[in-house]
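Step one of this worksheet: look at the structure below.
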Amino acid sequence: MKTILIVEDLPVVRRAFKRALSKSGYDVKTANDAADGLKKLSMEKIDLVLTDVVMPGIIQGDEMAQTIRNDTEELPIIIISGFPRTVERISTMQDQYTKVLKKPIKMEELLEAIETLLDQ
Amino acid sequence: MRLEDILETIHEYTEDVIVVSEAEPIAQPGPRIVFVNKAFTKQTGYEPHEIVGQTPRILQGPDTDKETLARIREGLQNWRYIREEVLNYRKDGSKFWSELSILPVADEKGWYRYWVSIQRDVTAKRTMPERLELTIAASGDGIWDWNIENNELFWSDRFKEIVGVDKDEFVPHASTFFDRLPAADAKRVAAALDAHFEKGEPFKITYRLQHADGHLVDISAKGQAAWGANGKPVRMVGTVSDVSDLVKAHADLTEAQTLSGIAHWNYGPNPDQAVVSDLVWKLLRLPKPDKHEWRTFLEALGPLAAADLQSAITQPSDTSHVIDTIRDVAGHRQHIRIRFKSRSLGGDAFYVFGIIEDRTAAVLAEESLAFSERLAAFGQLAGGVAHDFNNILTAIGIGAESLELADSDAERDEIVDDVLFAVRQGQQLTEALLNYTRQAPLMPERFPLEKKLKELGRLASRTIPVGIVFETELANDLPSVLLDESGFDAAVLNLVINAADACEHDGVIRLSSTADEKGVYVIVDDNGPGIPEKDRSRVIEPFYSTKGGEGAGIGLARVHGFTQQSGGSLTIEESPLGGARMVMFFASHRDER
């Protein structure tokens with residue numbers, strides 16, 4: 001079973017993601033902000049990171065993604081944001097293992113992106 | 001009357017001194033005096049019996065000019081008429097200047113037997129030029145003397161120095177002056193001379209003269225003509241002073257005022273003395289009035305500002321006054337600022353110095369800045385609202401799609417709860433937006449505040465992230481206040497969510513309520529980093545956030561707006577928990593307790 005780490009500050013969104021991914025057969029871990037996400041990442045075996053961008057705390061989701069990418073080239077990361085401008089800005093980070101998506105998002109679209117990244 | 005009697009009367013009453021002495025010996029001890037008139041005693045202090053038989057030389061002393069005496073002696077020896085000015089000594093030793101006319105008188109045989117000397121005290125005449133010379137030297141003024149008939153010209157050394165003319169190279173002709181006068185000033189000088197010559201108007205003028213170096217010197221000149229029998233001016237004498245420094249200071253002041261757009265005026269010490277500088281009229285876009293400057297100035301400021309100004313200037317004090325006013329200039333608004341200080345000069349006298357400034361450009365710049373700030377704020381609002389809605393829609397959409405994956409009713413209920421919560425958040429967001437734009441008036445009503453706060457506490461505890469401790473400390477008997485219920489819900493939840501955002505892990509948030517005679521206080525504390533005092537007023541501005549550059553909706557501004565519209569306030573303090581304390585206050589209405 002693949003493990004997905006969800007980094008999201010809004011409880012209502014975090015719960016929706018967690019429920020949807022658990023029901024789709026993934027083991028789900030959660031973090032409330034980027035710093036928390038990096039901590040969880042160092043302690044557990046994570047196969048994919050799904051992160052929000054604008055969150056409380058010193059580092060933001062995109063910065064966390066960059067930190068992870070500096071460490072490892074192949075850990076799949078999905079960055080998702082509700083800020084249209086943010087999506088536009090960070091879309092340049094997309095590559096084989098990094099995908100940028102925007103909120104709101106359909107479950108089907110999210111699951112497809114996860115499967116594509118994990119299948120590589 | 002006999003001729004002798006007439007002569008006697010002349011001797012007796014003339015103010016001129018008459019001395020008759022024998023013609024010889026001219027050499028030592030000198031001719032003997034045989035007669036002096038009364039004026040002699042008056043002038044010298046010697047009685048006739050003291051002087052008759054003596055020589056006139058007893059009037060001379062150490063300061064008497066030897067050359068003058070030599071000339072007199074030479075004249076006497078040659079029986080010539082003599083006229084000289086000589087310094088004499090009175091009996092008491094004091095000096096006086098005497099103008100002598102000495103003529104030899106011959107007897108019937110043609111022998112010169114007597115000298116008749118007429119003497120006049122000319123001390124005043126001798127001293128005056130000296131006094132004048134000193135005065136003029138002290139003033140630093142130059143002197144000129146122009147013979148209008150033949151254009152002969154005299155300049156004093158000081159005048160020559162002012163225009164850098166070498167003493168030896170000075171050409172004593174009027175052209176020396178007129179050649180140095182620039183064409184731009186020549187007309188004015190000619191007009192002033194004409195007015196003086198024709199109408200006797202005072203000649204007082206400022207012009208420039210070319211210095212030997214080539215530069216122009218600013219000169220202030222005054223003069224007085226003398227007119228001949230035919231009524232034509234024959235001569236003109238006057239003074240000049242170098243006012244270059246003064247003219248430069250004035251030019252600098254005018255330049256400074258032109259560059260800064262600030263002009264000056266003053267008023268006093270008497271109510272009829274006011275000076276309104278030319279630049280003031282330029283600034284007010286008005287022609288300089290011929291008279292009633294002060295009245296015109298006040299009228300230009302408008303009745304309200306004029307009344308303020310009039311009342312302030314008659315109360316001298318150390319503080320300066322500022323009056324802002326808006327004028328209409330050809331259909332455009334002109335923002336005028338006056339600053340002035342009224343100073344007492346003792347008694348009723350006072351002196352006011354003031355400046356006037358056109359602030360139109362500055363005001364327009366401020367307004368346009370405010371507009372672009374509003375535009376930026378609107379952009380931030382749009383981004384923030386989009387973010388909030390996109391999150392809400394994500395929660396609703398994913399929630400709805402997960403419903404069919406639920407294994408139990410309990411799980412389905414949980415999902416529905418979450419979806420409904422998200423829907424409610426969306427509803428609050430639109431309401432808050434409408435409140436913000438004031439298109440949806442608040443509907444204040446009374447509702448049980450204690451119960452409402454408990455409900456909100458439960459709701460909030462589900463909203464905040466796991467790992468943050470949420471406590472409530474709610475009072476039981478809160479006075480009733482009139483509030484818009486959904487606005488209140490949103491405000492409390494906003495504060496709690498905001499506190500949760502600020503908290504790190506191991507965060508603590510406390511919702512509490514209390515009341516006093518003034519009203520109700522709803523307080524949210526957190527143990528986050530707090531909000532520095534300098535940021536406290538900014539964070540309640542719409543769309544400002546400490547959460548990084550991209551904003552986070554309209555959180556605190558929403559709450560601030562709501563409390564204000566509800567007759568209360570939002571204040572930010574330091575929390576006993578270590579972070580920020582947000583205090584919402586709502587006034588209780590006395591008649592509704």
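Only the coordinates and a few stated rules stand behind these numbers; no lab work does. Being a predicted model, the structure only gives us computed values, none of them experimental. Using ideal geometry, Cβ is built from the backbone for each residue, glycine included, and neighbour counts are taken over all protein chains shown.
For this structure, a couple of remarks:
- Close lysine pairs were tallied over the stretch A:1-93: pairs 8 or more places apart or on different chains with Cα atoms under 16 Å apart number 10.
- In the protein assembly as shown the Cα-Cα distances spread across 10 Å bins starting at 0 as 2, 10, 12, 10, 10, 8, 7, 7, 7, 6, 5, 5, 5, 4, 2, 1, 0, 0 percent of all pairs.
- Taking the longest Cα principal axis of chain B as reference, the axis of helix B:303-313 is set at about 60 degrees.
- The length gained on full extension between B:Leu420 and B:Arg71, counted as 0.36 nm times the residue separation minus their Cα-Cα distance, comes to 112.1 nm.
- Estimated distance in nm for a label pair at B:Arg120 and B:Gln565, the labels positioned 7 Å out from Cα along Cα-to-Cβ: 10.6 nm
- Taking amide hydrogens as placed 1.01 Å from N in the peptide plane, the amide H of A:Val7 sits under 5 Å from those of A:Ala31, A:Leu50, A:Thr51, A:Asp52, each at least 5 positions away in sequence or on another chain.
- Ignoring aspartates and glutamates fewer than eight residues from B:Lys109 along the same chain, none have Cα atoms less than 15 angstrom from its Cα.
- Paired Rg and Dmax values of chain B, which use every Cα atom, in angstrom: 51.0, 174
- Take each residue of peptide A:81-89, count the partner chain Cβ atoms within 10 Å of its Cβ, and average: the result is 5.
- Prolate/oblate/rounded call for chain A, Cα gyration tensor, a/c under 1.5 rounded: rounded
- 3J(HN,Hα) along the stretch B:261-268: x, 10, 10, 10, 8, 9, 8, x Hz, from the Karplus curve 6.51 cos²θ - 1.76 cosθ + 1.60 with θ = phi - 60°, whole Hz, x for Gly and Pro.
- Helical segments meeting 15 Å axial Cα length and Kyte-Doolittle -1.0 threshold in chain A (DSSP H): A:11-23, A:107-119
- Folded to 0 to 90 degrees: helix B:183-199 orientation relative to chain B principal axis, Cα: 60 degrees
- Span from the the stretch B:294-373 Cα centroid across to the the stretch A:45-78 one, whole angstrom: 61 Å
- Protection proxy ranking, peptides B:62-69, B:111-118, average beta carbon neighbours within 10 Å, highest first: B:111-118, B:62-69
- Counting 0.36 nm for each residue step from B:Ala27 to B:Asp179 and taking away their Cα separation leaves a gain of 48.9 nm.
- B:Lys222 paired with B:Val34, simple spin-label distance in nm, labels 7 Å along Cα-to-beta-carbon: 5.6 nm
- Spatially proximal lysines relative to B:Lys232 (Cα-Cα < 17 Å; intrachain offsets below 8 disregarded): B:Lys199
- Calculated [θ] (222 nm, deg cm²/dmol) that DSSP helices of n ≥ 4 give over the protein assembly as shown, each run adding -39,500 (n - 2.57): -13000 deg cm²/dmol
- Under 28 Å from B:Lys282, Cα to Cα: lysines that are on another chain or at least 8 residues apart: B:Lys187, B:Lys204, B:Lys248, B:Lys291, B:Lys341
- Approximating the spin labels as points 7 Å out from Cα along Cα→Cβ, the B:Ala587-to-A:Glu44 distance works out to 5.3 nm.
- The protein assembly as shown: antiparallel DSSP beta bridges as a percent of all, rounded to 5: 80 percent
- With R₀ fixed at 41 Å, the C-beta to C-beta distance from B:Thr258 to B:Ser311 puts the FRET efficiency at about 0.85.
- With the biggest extent put first, the Cα atoms of the stretch B:34-102 measure 30, 25, 17 Å across the principal axes.
- Residues listed by number, the stretch B:31-45, amide nitrogen under 16 Å from B:Tyr13 label point at 7 Å toward C-beta: B:38-39
- Here the stretch A:52-120 is treated as a sphere whose radius is the Kirkwood value from Cα pairs; by Stokes-Einstein at 37 °C and 0.692 mPa s it diffuses with a coefficient of 264 µm²/s.
- Cα gyration tensor shape of the stretch B:150-295, rounded if a/c is under 1.5, else prolate or oblate by comparing a/b with b/c: oblate
- Chain B: angle of helix B:485-502 to the longest principal axis, Cα-based, in degrees nearest 10: 80 degrees
- Translational diffusion of the stretch B:126-236, µm² s⁻¹ [Kirkwood Rh, Cα pairs; Stokes-Einstein; 4 °C; 1.567 mPa s]: 86 µm²/s
- A Förster distance of 60 Å, applied to the separation of the beta-carbon atoms of B:Glu169 and B:Arg2, puts the FRET efficiency at 0.35.
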